[in-house]
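K.L.:
So that we are looking at the same thing, I have put the structure below in structure tokens.
The values are calculated or read from the model by the stated rules, or taken from the named source; none is laboratory data. Keep in mind that this is a model prediction, so the values were computed, not measured. Here the Cβ is made from the backbone with ideal geometry for all residues, glycine too, and neighbour counts use every protein chain on show. Calculation scope for accessible area: heavy atoms of the full protein, side chains included, ligands and nucleic acids excluded. Shrake-Rupley method; radii C 1.70, N 1.55, O 1.52, S 1.80 Å.
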Amino acid sequence: MIGGIVIRRVLRAMLTMFLVVTFAFFVLRLTGDPVSAMMPDDTDPAIMEQMREDWGLNRPLAEQYVDYWWRLVQGDFGNAFRDGRPALEIVGERIPATLKLTLSGFAFIVLVGFPLGILAAVNRGSPMDRAIMTISVTGFSLPNFFLGILLILIFSVQLRWLPAFGSERWYHLLMPVFTLGTAGAAVIARFVRSSMLEVLNAPYIRAARARGMPERAIVWRVALPNAAIPSITVLGFMVGALISGSIVTETVFAWPGIGRLLIDSVAQRELAIVQTIVMLTALSMVVANLTVDLLYLVIDPRQRYATGTGE
Amino acid sequence: MTPSDKAINPLIIENLCIDLDRSGTRIVDDISLTVRPGEIRGLVGESGSGKSLSCLAALGLLGDGWTLSGSIRLAGAQTPRDIARRRGSDAAMIFQDATASLNPIRCVGHQVSETVRRLRRVSPHEARGIALDLLRRVDIPDPETRYNAYPFQLSGGQNQRVMIALALAGNPKILFADEPTTALDVTIQSQILELLKSIRDDTGMGIVFVSHDLGVIEEICDTVSVMCKGQIVESGSVEEVMRQPKHAYTQNLIAAMPRLAVAKRTSKEVRDASVETQQLLEIKAASCDYRVREGTFRAVSEVSLAVDDTESLAVIGESGSGKSTLGKLILGIEPPAGGEVLFQGQPVPCLGSAEHRTFARSAQLVPQNPYLSLDPRATIGDQIEEPLIIHGIGSDTERRQTRDGLLTDVGLHPDLRSRYPHELSGGQCQRAVIARALCLEPKLLVCDEATASLDVSVQARIIALLRDLQTKFSLSLVFITHDLRLVGELCQSVAVMRGGQLVEHGPTEQVLTYPRHIYTRDLIDAVPERERAVA
Amino acid sequence: MADQTTDMPSETPELEEKIGVIRKMARSPLLVRIAFGWLAMIFFVALTAQWIMPYDPESTNLLSRLRPPGSTDRNGGFHLFGTDHIGRDLFSRLLSAIQLTMSVAVFGTLFGAIVGSTIGFVAARYRGWIDDVIMVLVDFQASMPFVIIALSVIAVTGTGNLLLFILLVGFQGWERYARITRGLTMSAVNHGYAAALRMLGAGTFRVYFRHILPNIVAAIIVQITINFPETVLLETAMSFLGVGIQPPNTSLGNLLSYGRDYLLNAWWIAAVPGFAIFFTTLAMSIVGDWLRDTLDPMTKDRR
């Protein structure tokens, strides 16, 4: 039974990947002629024709589509226009920097968001709760590009505590991670709070109180595990938010990662690189969602034993 | 435990008042209540009478926002701190929705053994043994396997048994049972009531049994206190209160209480005999399937029934018996998978078809929850009038007259037409729904648990209303219910369903007095009532 | 879509509700009132920018570059927020940027709300394979960061197409409208008054447009208040990154990105548009939260 659910989830992940590839194909091929889009207007028509021939743009669409798939499967994502290197290689060089930033951001979100949310829920209505919720609304509304600039203004320009740019030392991470993680931590704090409050109002909490379970045990051993389950979904969404956030953060702090590469490539219309990054993002999102789904199976018995006997 | 402890009454409440801080209203007004060891004290009243609140207050479980005065002595404890310490060990509580009252992500066995460990201070291994014993004590079948089951894998009745096992973990002197059987089927209800009685006999604990159902109270309780608007209006032994109610409210409550008896139907009987009746509805071996993940599920299986003009038929069954699906078949909401459903000799058309529009003028539905079946953003009057507009009947003035006439017919003041559903009570809304259903002057009214969500006294009035309307509009009724006691008042014939099949069908008097099928007999035996009308 | 409410039989309750909202607004917390005030001001500016700007936002004056806020230039011109690196009046530029940002956000949000809700409505109405396809797309959208999709479209089409950009930005969040509308419509159809109406012989149009739509409008409005600040953030972020609004059009994001190059000697060029964005999204979130608590159909209509 569990095997069936896992297979269904994996199939869904594959469906998403399929849609991404199809989306990329159609956006690239149908919204215009990539050759004339990429080349300056005064290029020799013969060269353009040659390029169309090279890229197989003159062939039927279905054939191109199959061919497109075939290349992707072989790891051929096309070459960059400017220097002719494989796009996958160019993107690959940038992965470590982005990974360092996003993983730290993820840790920041979890380590800041969860405790704040729990603290607010347990002290509901107190000044602490109100303070945390105010911080959360502020953090959520603060545009990350402006937050980054503010941090640079305060800590680099005014106080001169931290360098505005650089990515080699651990302290280089501080401002980018804070910029990247604040909004996510604010969302998680809010979500954990409302999820906890909902659980704390559940009949089984009242029943646990009625049989004399100590309040600490109720919060930590009954309420928290129940409240954490839906929070996992939101953590899954956070992967997407981190990827979008890293685009801005890397631009603001001149971080040598994928996000900045993407923006540069969009501006220069390096379609091969853009497409590689889109696939990579989709892959990480699919993996994140799959992880969330499987985690659900592990921690939520209701999912594990969900059978098909009707609604 | 010293011997003198036994003499102490486990619960003494004196002059308890509970106020809601936000609005300053008094919800519980000066109640006093004593429970002796081994006594089962009923606390009966309609919704909002303050009975559950009093129990929560006695256990010190009311949160912020409430102000209490008076004195509570729970197993000898008086201060809030002491009372909190008695929870679990000396006092326990079970609730209406047992499934929701268990931690959804832990095995029931773990929940019991964890509580045993905490309350009896034993090793995990011993706790497991005791937990299994407790599960056995509450008649959980195959406790070794059920130990590792999650609440969602057990039925409501089994979860209530687990709740009782949890309550027994600390050997309590007093148990608060807040409507513990209300959400359960009748047969399960009677088993749980038996279980509670036998536990009381074994342990000698006192029980406060909260219920809105006088029948249940009569069945299980030794003494009863009647609550009305936050006050205890009458107290005494169950016999006393039931036989000679002193307070007017109690008298009304008992009068409204449905009885397993066949009402004397004078005028109707006469008419039945004199007028040649015609068959209105005929169900011929009809089945209905629902699609589920693995194939189909047969909700109704080859049921054959007939309803005559102006006849009223009760369809009785427990949850999952297919009684509601039968109603949907009759109304064309679900198409039959096999067999036929004929209305006036014609097959019932499928919902959504043009023929169904015409059919809808002759057959209508009164569903269970009146709030859900009314548009929250349209006035009562507009909604009653709407069917006439849909079918293009009458001019504006005529429609308004019909609407006001119907409002009067169902016992609502015509001024209520400009109100919105949330401004009316549940009973008033159900009357409005009935008025809307009658607007097209149908021949057949299908009532699907139409009184199940209403208070007893309101329920009695709605049933009386249906009876009047039936005569006045020459209606046929299909009255779908889980409550056998409602049948005698209203219906000439009864159909009993179980697991999608029709197990018995016949005149009400015959079915209730001489049930042929064993399941019908079980159902009748399970009806909570001390004296059987049949006996 | 807006005038569907006009001949509704439920006109009075909505009117009553609106009056109720205004009454509640008057009693709302100070913070909410401040937020309303800020938004009112922003919308006022967006509507009247060209008449209230003191200078032409594009007119350069190389003699008075990088003037700090509150300074006066050589011609005696007062600059409330100072001037930028080529001597343009920052206050005037701010007003015109607010106008552009708010126009994009308003049109984009409305576009997304209408498209998304319609898709959800269609899914709930027709069910079957139409619903399946729509839900696969909704799931796909929910699992892809929208910025990435927007950027890949921009990469192909190129920057500078303002209408396309507005539609693209507005599309953000369509899947949430679709999901909410679909869910609420289906639950209404299955359990409640809609089933009762169908049983009474009411046609599709009456059930969906006269009864279900007015009942889910509140939820859609709440979703709009959540989506609006996100649309503002998406537009300004993309403009900030140089792949959104292109000069000579100027949004708050463009202003901020110019300011980035002068952080060391002219902090106000970045700070002024930055705080304008921040306060606007913050005000919208506060108002949205408050609206959700007061209007939420889940807490009000359910019993």
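K.L.:
Taking region A:266-278 on its own, how many of its residues are in contact (Cβ under 8 Å) with a residue 24 or more places away in the chain and at the interface with chain C (Cβ under 10 Å from one of its Cβ atoms)?
P.N.:
Restricting attention to region A:266-278, the residues satisfying the condition of being in contact (Cβ under 8 Å) with a residue 24 or more places away in the chain are A:268-273, A:275-278.
Those left that are additionally at the interface with chain C (Cβ under 10 Å from one of its Cβ atoms): A:268-271, A:273, A:275, A:277-278.
Number satisfying all stated conditions: 8.
K.L.:
Within region A:78-100, can you find the residues that are modelled with pLDDT under 85 and assigned to a loop (DSSP other than H, G, I, E, B)?
P.N.:
Of everything in region A:78-100, those that are modelled with pLDDT under 85 and assigned to a loop (DSSP other than H, G, I, E, B) turn out to be A:Gly78, A:Ala80, A:Phe81, A:Arg82, A:Asp83, A:Gly84.
K.L.:
With the checklist (1) in contact with a Lys or Arg (Cβ under 9 Å, 6 or more places away or on another chain); (2) assigned to a loop (DSSP other than H, G, I, E, B); (3) modelled with pLDDT under 75 in hand, flag the one item C:Glu58 doesn't pass.
P.N.:
(3)
K.L.:
From B:Gly76, B:Gly88, grab the single residue that is open to solvent by less than 50 Å² (accessible area, probe 1.4 Å), among the small types (Gly, Ala, Ser) and more than 30 Å from B:Leu154 (Cα to Cα). Give the derivation first.
P.N.:
Details: B:Gly88 fails: more than 30 Å from B:Leu154 (Cα to Cα).
Answer to the check: B:Gly76.
K.L.:
Collect the residues in region C:240-284 that are outside any loop (DSSP other than H, G, I, E, B), out of contact with any Asp or Glu (no Cβ under 8 Å at 6 or more places or on another chain), in contact (Cβ under 8 Å) with a residue 40 or more places away in the chain and of a type in the set (A, V, I, L, M), keeping them in residue-number order.
P.N.:
Matches in region C:240-284: C:Leu252, C:Leu255, C:Val272, C:Ala276, C:Ile277, C:Leu282, C:Ala283, C:Met284.
K.L.:
For B:Asp133, all conditions in the list (1) open to solvent by 30 Å² or more (accessible area, probe 1.4 Å); (2) more than 22 Å from B:Gln158 (Cα to Cα) hold save one; what is the number of the exception?
P.N.:
Exception for B:Asp133: condition (2).
K.L.:
So which residues in region B:111-129 are without any contact (Cβ under 8 Å) to a residue 24 or more places away in the chain and either closer than 21 Å to B:Asp201 by Cβ or open to solvent by 20 Å² or more (accessible area, probe 1.4 Å) (or both)?
P.N.:
At the first step, the residues of region B:111-129 found to be without any contact (Cβ under 8 Å) to a residue 24 or more places away in the chain are B:113-114, B:117, B:121-129.
Selection gives B:Glu114, B:Arg117, B:Arg121, B:Val122, B:Ser123, B:Pro124, B:His125, B:Glu126, B:Arg128, B:Gly129.
One line per residue, one yes/no per condition, for (1) within 16 Å of C:Ala155 (Cα to Cα); (2) out of contact with any Phe, Trp or Tyr (no Cβ under 8 Å at 6 or more places or on another chain); (3) open to solvent by 10 Å² or more (accessible area, probe 1.4 Å):
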{"site": "C:Phe205", "(1), (2), (3)": "no, yes, yes"}
{"site": "C:Val217", "(1), (2), (3)": "no, yes, yes"}
{"site": "C:Val232", "(1), (2), (3)": "no, yes, no"}
{"site": "C:Thr236", "(1), (2), (3)": "no, no, no"}
{"site": "C:Val243", "(1), (2), (3)": "yes, yes, no"}
{"site": "C:Gln246", "(1), (2), (3)": "yes, yes, yes"}
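K.L.:
Under 9 Å between Cβ atoms, which residue pairs at least 6 apart in sequence (or on different chains) link something in region B:438-462 that is on the phi > 0 side of the Ramachandran plot with a partner that is of a type in the set (Gly, Ala, Ser) and open to solvent by 20 Å² or more (accessible area, probe 1.4 Å)?
P.N.:
Hits for this filter: B:Glu441/B:Ser362; B:Glu449/B:Ser324.
K.L.:
Across region B:470-482, what is the number of residues that are open to solvent by 20 Å² or more (accessible area, probe 1.4 Å) and more than 15 Å from B:Gly322 (Cα to Cα)?
P.N.:
Narrowing region B:470-482 to residues open to solvent by 20 Å² or more (accessible area, probe 1.4 Å): B:471-474, B:482.
Adding the requirement that they be more than 15 Å from B:Gly322 (Cα to Cα) leaves B:471-474.
The number of residues fulfilling the criteria is 4.
K.L.:
Moving to a separate point now. Please work out which residue is farthest from the chain's Cα centre (by Cα), limiting yourself to region A:123-153 and to residues that are of a type in the set (S, T, N, Q) and within 18 Å of C:Asp289 (Cβ to Cβ).
P.N.:
The first filter runs over region A:123-153 and keeps only residues of a type in the set (S, T, N, Q), leaving A:123, A:126, A:134, A:136, A:138, A:141, A:144.
Subset that is within 18 Å of C:Asp289 (Cβ to Cβ): A:134, A:136, A:138, A:141.
Working: A:Thr134: 25, A:Ser136: 20, A:Thr138: 21, A:Ser141: 18 Å.
My answer is A:Thr134.
K.L.:
Further question: Out of the residues in region B:345-356 that are within 9 Å of chain C (Cβ to nearest Cβ) and in contact with a helix residue (DSSP H, G or I) (Cβ under 8 Å, 6 or more places away or on another chain), state the one that is surrounded by the most Cβ atoms within 10 Å (Cβ to Cβ).
P.N.:
Step one: list which residues in region B:345-356 are within 9 Å of chain C (Cβ to nearest Cβ), which gives B:351-352, B:356.
If we keep only those that are in contact with a helix residue (DSSP H, G or I) (Cβ under 8 Å, 6 or more places away or on another chain) too, we end up with B:351-352.
On the way: B:Leu351: 19, B:Gly352: 13.
The extreme case among them is B:Leu351.
K.L.:
Could you check, for region B:177-186, whether at least one of its residues is more than 19 Å from B:Asp525 (Cα to Cα) and away from every other protein chain (no Cβ under 14 Å)?
P.N.:
no
K.L.:
Could you check region A:76-119 and list, in sequence order, the residues that are β-branched (Val, Ile, Thr) and open to solvent by less than 30 Å² (accessible area, probe 1.4 Å)?
P.N.:
The answer is A:Ile90, A:Val91, A:Thr98, A:Thr102, A:Ile109, A:Ile118.
K.L.:
Now for a separate question. What number of residues within region A:213-253 satisfy the criterion of being open to solvent by 20 Å² or more (accessible area, probe 1.4 Å), without any contact (Cβ under 8 Å) to a residue 60 or more places away in the chain and farther than 24 Å from A:Asp300 by Cβ?
P.N.:
Residues flagged as open to solvent by 20 Å² or more (accessible area, probe 1.4 Å), without any contact (Cβ under 8 Å) to a residue 60 or more places away in the chain and farther than 24 Å from A:Asp300 by Cβ within region A:213-253 amount to 3.
K.L.:
Also, I was wondering about something else. Tell me which of these B:Ser155 doesn't satisfy, since it passes every other one: (1) of a type in the set (Ser, Thr, Tyr); (2) open to solvent by 40 Å² or more (accessible area, probe 1.4 Å); (3) touching a strand residue (DSSP E or B) at 6+ places or on another chain (Cβ under 9 Å).
P.N.:
(3)
K.L.:
If you go through region B:114-124 one residue at a time, do you hit one that is among the polar types (S, T, N, Q) and part of a loop (DSSP other than H, G, I, E, B)? Before you say what the answer is, go through the steps one by one.
P.N.:
Residues of region B:114-124 among the polar types (S, T, N, Q): B:115, B:123.
Subset that is part of a loop (DSSP other than H, G, I, E, B): B:123.
Yes: one or more hits.
K.L.:
I would also like to ask the following. Among the residues of region C:248-266 satisfying the criterion of being open to solvent by 50 Å² or more (accessible area, probe 1.4 Å) and within 8 Å of another protein chain (Cβ to nearest Cβ), which is modelled with the lowest pLDDT? Spell out the reasoning first.
P.N.:
In the first step, residues of region C:248-266 are kept if they are open to solvent by 50 Å² or more (accessible area, probe 1.4 Å); the result is C:248-249, C:258, C:260-262, C:264-265.
Filter once more, so that each one left must be within 8 Å of another protein chain (Cβ to nearest Cβ): C:260, C:264.
Numbers: C:Arg260: 83, C:Leu264: 79.
Within region C:248-266, the match that is modelled with the lowest pLDDT is C:Leu264.
K.L.:
Just give me the residues in region C:123-138 being in contact (Cβ under 8 Å) with a residue 12 or more places away in the chain and open to solvent by 50 Å² or more (accessible area, probe 1.4 Å), in sequence order.
P.N.:
Let us first name the residues in region C:123-138 that are in contact (Cβ under 8 Å) with a residue 12 or more places away in the chain, namely C:123-125, C:131, C:134-135, C:137-138.
C:Arg125, C:Leu137 - these are the residues of region C:123-138 that are in contact (Cβ under 8 Å) with a residue 12 or more places away in the chain and open to solvent by 50 Å² or more (accessible area, probe 1.4 Å).
K.L.:
Mind checking which residues of region A:254-270 are of a type in the set (A, V, I, L, M), at pLDDT below 90 and surrounded by 24 or more Cβ atoms within 10 Å (Cβ to Cβ)?
P.N.:
A:Val266
K.L.:
Another question, then. When only residues in region B:40-49 that are open to solvent by less than 10 Å² (accessible area, probe 1.4 Å) and more than 11 Å from B:Phe176 (Cα to Cα) count, which is modelled with the highest pLDDT?
P.N.:
Per the criteria, the residue is B:Val44.
K.L.:
Now a separate question. Search region B:10-47 for residues being among the basic types (Lys, Arg) and not in a strand (DSSP E or B), and hand back the single one that is nearest to the chain's Cα centre (by Cα). Steps first, please.
P.N.:
Step one: list which residues in region B:10-47 are among the basic types (Lys, Arg), which gives B:22, B:26, B:36, B:41.
From the residues that got through so far, the ones that are not in a strand (DSSP E or B) too are B:22, B:36.
Numbers: B:Arg22: 31, B:Arg36: 29 Å.
Looking at residues that are among the basic types (Lys, Arg) and not in a strand (DSSP E or B), I get B:Arg36.
K.L.:
Within region B:323-344, can you find the residues that are assigned to a loop (DSSP other than H, G, I, E, B) and either touching a Pro at 6+ places or on another chain (Cβ under 7 Å) or buried (at least 24 other Cβ atoms within 10 Å of the Cβ) (or both)?
P.N.:
Here is the first cut: in region B:323-344, the residues assigned to a loop (DSSP other than H, G, I, E, B) are B:332-337, B:344.
Passing the criteria: only B:Gly332.
K.L.:
Just checking, how many residues over region A:51-77 are without any contact (Cβ under 8 Å) to a residue 40 or more places away in the chain and outside any loop (DSSP other than H, G, I, E, B)?
P.N.:
Initially, region A:51-77 is screened for residues without any contact (Cβ under 8 Å) to a residue 40 or more places away in the chain, giving A:51-64, A:66-67, A:70-71, A:73-76.
Now restrict to residues that are outside any loop (DSSP other than H, G, I, E, B): A:51-55, A:61-64, A:66-67, A:70-71, A:73.
The number of residues fulfilling the criteria is 14.
Results for (1) open to solvent by 20 Å² or more (accessible area, probe 1.4 Å); (2) in a loop (DSSP other than H, G, I, E, B); (3) away from every other protein chain (no Cβ under 13 Å); (4) of a type in the set (Gly, Ala, Ser), shown as yes or no for each residue.
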| residue | (1), (2), (3), (4) |
| --- | --- |
| B:Asp404 | yes, no, yes, no |
| B:Cys429 | no, no, no, no |
| B:Leu445 | no, no, no, no |
| B:Ala450 | no, yes, no, yes |
| B:Ile463 | no, no, yes, no |
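K.L.:
Give the residue that is farthest from the other protein chains (Cβ to nearest Cβ), with candidates limited to residues of region B:83-113 that are assigned to a helix (DSSP H, G or I) and more than 21 Å from A:Pro301 (Cα to Cα). Don't jump to the end; show me each part of the working.
P.N.:
Initial filter on region B:83-113 (assigned to a helix (DSSP H, G or I)): B:83-86, B:99-101, B:108-113.
Pick out the ones that are also more than 21 Å from A:Pro301 (Cα to Cα) and you get B:83-86.
On the way: B:Ile83: 10, B:Ala84: 7, B:Arg85: 7, B:Arg86: 8 Å.
Out of the qualifying residues, it is B:Ile83.
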